[in-house]
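We did not get these values from a lab; they are worked out from the coordinates using the rules stated. Values in this document were obtained by computation on a predicted structure and should not be read as measured data. Neighbour counts run over all protein chains shown; Cβ positions are idealised from the backbone, glycine included.
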Amino acid sequence: MWLFQDELFKPFGDARACEGSTTELPQVISAGGVPLPADASDVHYATREGTAQVSILSDRMPDYLHRAGLLPQDAKPFAEQYGSAYGLATDEGELPKGLCGPALKGPAWSYITRGPGTGVNVLIERSPVDPGLFRSPTRAVVTFDIT
């Protein structure tokens, strides 16, 4: 019985939920109506005040960015009209307050929804070797409204 003790004390009995979360997320998480990548692993989430932050590891983040409308199909992933550099030095880590799990490592890029509709923001790791690529696999923190 003691082997499962940690899962019993997680919010909602969900091993993905971080302490202090106020809302349970479904098994298949959608941000702004778009499901997270099917290969998402090492998933952790924190919810509070109508907002969710979800940390995932995936090799399919470019596809997700296109499906979520954050990056047009023919756009370069790090074009400044779709996002901006996020202040993390190479291999420096950061984890948003309240979110558990492994930290996102720099360098990083931030995509912010523009225009009407439900807001989705993605903070994603870039390759420390080739600034035109993502890390493989890529850790991302997806923030969205759940109200």
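Shape summary of the chain, radius of gyration then Dmax from alpha carbon positions: 15.4, 53 Å. Per residue, the convex hull around the alpha carbon atoms of region 69-114 comes to 105 Å³.
Kindly provide the GluC sites (Glu not before Pro) of region 36-135 that DSSP labels as loop, not H, G, I, E or B, and whose Cβ sees at most 14 other Cβ atoms within 10 Å.
For GluC sites (Glu not before Pro) across region 36-135 that sit outside H, G, I, E and B with at most 14 neighbouring Cβ atoms in 10 Å, the list reads GLU49, GLU80, GLU92.
Measuring gaps between exposed loop sites in the chain (trypsin sites (Lys or Arg not before Pro); DSSP loop; at most 14 other Cβ atoms within 10 Å), the longest gap, sites not included, is 1-96.
A simple rule links phi to the HN-Hα coupling: the Karplus curve 6.51 cos²θ - 1.76 cosθ + 1.60 with θ = phi - 60°, which for region 43-59 gives 7, 9, 9, 10, 10, 6, 6, x, 10, 10, 10, 10, 9, 9, 10, 7, 9 Hz, with x for Gly and Pro.
Close amide H contacts of ILE146 (hydrogens built in the peptide plane, cut-off under 5 Å, sequence separation of 5 or more or a different chain): THR51, ALA52.
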